[in-house]
Amino acid sequence: MSGFVLWFTGLSGAGKTTIANNVEPELERRGFVVDHLDGDIVRTHLSKGLGFSKEDRDTNIARIGWVASRLARAGAVVIVSAISPYEELRRHARSLVEQHSPFVEIFVATPLEECARRDPKGLYAAAFAGEIEEFTGVSAPYEEPLEPELRLETTGRTPSESAVTVLDRLEELNLVPRAEFDA
Ligand code: ADP
């Protein structure tokens, strides 16, 4: 089976990591070698020391895109979960990956108000209090994907329901074989 990149983009707290964590074991169960490049983790290793200026964010996403393209080319399914707020950098990552492998962009379209209500890391409270500069959706832009392969609405749906929607879309794109119980 050949590799591909599954790229989750959306606001902080949208549910990218949580949904990706639900998709990952299901892809492994179907026989794929899966690697998950999560934004928060990448920033403690590959992108350690980078901040949240436009320039640093762009560097971070360019690095993730490059690593993802290499791993997918070697046959892995690469799940990326990163805010990746800028269309241009997402397009850049896509073009690198698509030289060898499919790229599937998933827009986790949770509205700002819902992300701020969930506020799993307490970041929105701090951002609204003016304590965090360049916080996406509050004091820095988020450019919505124009033509994602999938737009996920998460409000009123559990993360595992969202994961099923992702897998259905991957089946539709012929990237993942249909689950046995579907047959
Ligand atoms: P992100 O990776 O986009 O920053 P996380 O997955 O880290 O977001 O955090 C999303 C938070 O929202 C988690 O604490 C998750 O449990 C919670 N949550 C509540 N409802 C949902 C939902 N319907 N879909 C996804 N996450 C949800």
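Relative to the current alpha-carbon distance between Lys48 and Glu98, full extension at 0.36 nm per residue lengthens the span by 15.3 nm.
On a per residue basis, the chain carries 50 Å² of accessible surface, using protein heavy atoms and a 1.4 Å probe.
Does the stretch 105-183 come out rounded, prolate or oblate by the C-alpha gyration tensor, with a ≥ b ≥ c the root eigenvalues, rounded set by a/c under 1.5 and, if not, prolate when a/b is larger than b/c and oblate if not? Verdict is prolate for the stretch 105-183.
Roughly how many percent of the accessible protein surface of the stretch 115-183 is carbon and sulfur, given a 1.4 Å probe and a whole-percent answer? For the stretch 115-183, the apolar C and S fraction of the accessible surface comes to 50 percent.
A helix-only calculation puts the chain at -12500 deg cm²/dmol for mean residue ellipticity at 222 nm, using -39500 (n - 2.57) for each DSSP H run of at least four residues, averaged over all residues.
Using only alpha-carbon positions in the chain, the gyration tensor eigenvalues give semi-axes of 27, 20, 13 Å once each is multiplied by 5 and square-rooted (largest first). Here the Karplus curve 6.51 cos²θ - 1.76 cosθ + 1.60, taken at θ = phi - 60°, turns the phi angles of the stretch 135-145 into couplings of 8, 4, x, 10, 10, 8, x, 10, 8, 5, x Hz, with x standing for Gly and Pro. The Stokes-Einstein estimate for the stretch 68-147, based on a Kirkwood radius over Cα pairs and taken at 37 °C with 0.692 mPa s viscosity, is a diffusion coefficient of 227 µm²/s. Spin-label model, Glu88 to Glu28: label points 7 Å out along the Cα-to-beta-carbon direction sit 3.8 nm apart.
The values are calculated or read from the model by the stated rules, or taken from the named source; none is laboratory data. Quick caveat: nothing in here was measured; it's all calculated off a predicted structure. Using ideal geometry, Cβ is built from the backbone for each residue, glycine included, and neighbour counts are taken over all protein chains shown. Just so you know, the surface numbers come from the protein's heavy atoms only, side chains and all, with ligands and any DNA or RNA stripped out. Shrake-Rupley method; radii C 1.70, N 1.55, O 1.52, S 1.80 Å.
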